[in-house]
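Heads up: the structure comes next, in structure tokens.
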Ligand code: ATP
């Protein structure tokens, strides 16, 4: 397996710049996930690493070897696509065998490797079936099996689970995580699903408009988003954002005014004042609690919508100041639509963002 190093990667489609000066290090054996909204450039970046994009500038090293100008087959990567790309007229066994046969691997060695991949991926019962007679999840496992048999230095996955239904996605996600543990392979995985990113990644790369917005471990991005964009993208339901006016108050530190509410801010790295955005996650707001120990203050509102999900309840609350705030609470919540409600904001859970979206340091 191998580390991947990207330096100053830029890519244009005509006048449009799809990738902007991307620098990234993926460690040997790491599971790295590229996330971001549609069009942010994540597939383009993955395809560039694979050698599937024609012209780009910058350096790509895989396993210490400069592959910037190498053909896809010479880069030591195997890519798994959303569409599986299996040969429909061949059995599962032949689909898995094909690449090795072309490369002149001995028959006994090919059989041994197919048996091993089929065991890891639980495909043994299906080896003689054609792809048309497999479920979506089984087809995707065959595509992954084919990638394993190429014995790549790096696995590249382009939204491999997005054609599967919700339940199967979860099951395959868990299988991929266990595959990563078994193979200890370097894997780069593209998704627009932040839940997949949070659960699978050692390291998440958030892309925005062809740029890297932030790189970090999942919980780093959750607790310390560097920008409003990352704060909004990571976490489900999304973080709430409120426009506040921040004032310094003598020895007390800073206070954020939101309508009638006064929210005491946590200590900041440097004093700030003026119009800022306050962020707080739905799971951190507390219902009906008066401001007290550890609380910054309370926000008043009215319950507009209650979503009962069994294990948890999502409340959509209209504040007096015309914002819609989301709250995630336990499944046994007895509050009702139209009820007036107070939301306590824990001080340590507050995020602040400047007008340009940059997080204000604590
Ligand atoms: P999605 O989640 O929708 O697949 P993505 O983040 O993977 O999005 P890319 O497919 O990498 O996005 O595309 C990045 C940008 O480059 C988009 O704005 C897209 O329209 C543009 N783009 C991609 N391929 C081409 C192409 N062949 N010609 C012109 N523009 C392209």
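Read the figures in this text as sums done on the coordinates, not as results from a lab. Values in this document were obtained by computation on a predicted structure and should not be read as measured data. Because the Cβ atoms are built from the backbone with ideal geometry, glycine has one as well, and the counts that use them run over all protein chains shown.
Percent of alpha carbon pairs in segment 27-86 separated by more than 19 Å? I get 36 percent for the Cα pairs in segment 27-86 exceeding 19 Å. Extending 7 Å from the Cα toward the beta-carbon at both residue 111 and residue 312 defines two label points whose distance is 5.1 nm.
Inter-part distance, segment 315-362 to segment 58-76, computed on C-alpha centroids, equals 47 Å.
Tell me whether segment 131-171 comes out rounded, prolate or oblate; compute the Cα gyration tensor, take square roots of the eigenvalues as a ≥ b ≥ c, and use a/c under 1.5 as the rounded threshold. Oblate, since a/c reaches 1.5 and b/c is not below a/b. Each part gets one Cα centre, and for segment 133-148 versus segment 239-257 those centres are 53 Å apart. Only Cα sites of segment 250-362 enter the Debye sum here, all with the same form factor; the resulting log10 I(q)/I(0) across q = 0.11, 0.13, 0.14, 0.21 1/Å is -0.37, -0.51, -0.59, -1.16, listed in q order.
Computed over the Cα atoms of segment 103-218, the ratio of the radius of gyration to the Kirkwood radius (Rg/Rh) comes to 1.00. Here the Gaussian network model covers the chain, with springs between Cα atoms less than 10 Å apart; of 21, 240, 103, 103 fluctuates the most.
Expressed as a fraction of 2.2 N^0.38 Å, the value expected for a compact globular protein of N residues, the C-alpha radius of gyration of segment 286-335 is 1.18. Considering only 305, 142, 280, the mean-square fluctuation computed in a Gaussian network model of the chain, springs between alpha carbons under 10 angstrom, is largest for 305. Of all the options 49, 62, 303, the one that moves most in a Gaussian network model of the chain with Cα springs shorter than 10 angstrom is 303.
Ordered by the count of other Cβ atoms within 10 Å of each Cβ, fewest first, 116, 332 give 332, 116. Centre-to-centre, using Cα atoms only, segment 205-228 and segment 259-283 are separated by 21 Å. Extending 7 Å from the Cα toward the beta-carbon at both residue 320 and residue 269 defines two label points whose distance is 3.5 nm.
Just the number, please: Stokes-Einstein D of segment 28-164 in µm²/s, Kirkwood Rh from C-alpha pairs, 4 °C, 1.567 mPa s. The calculation lands on 80 µm²/s. The angle separating the long axis of helix 107-120 from the principal Cα axis of greatest extent in the chain is about 20 degrees. By other beta-carbon atoms within 10 Å, ranking 186, 277, 44 with the fewest at the front produces 277, 44, 186. Taken along its principal axes, the alpha carbon cloud of segment 192-234 reaches lengths of 23, 19, 15 Å, longest axis first. A viscosity of 1.567 mPa s and a temperature of 4 °C, combined with the Kirkwood radius over Cα pairs in Stokes-Einstein, give a translational diffusion coefficient for segment 215-309 of 86 µm²/s. Size estimate for the chain follows the Kirkwood approach: the inverse of mean 1/r over distinct Cα pairs works out to 23.1 Å.
Mean projected area of the convex hull spanned by the Cα atoms of segment 163-210, taken over all viewing directions: 3.9 nm². Sorted ascending by nearby beta carbons within 10 Å, beginning with the fewest, 100, 187 become 100, 187.
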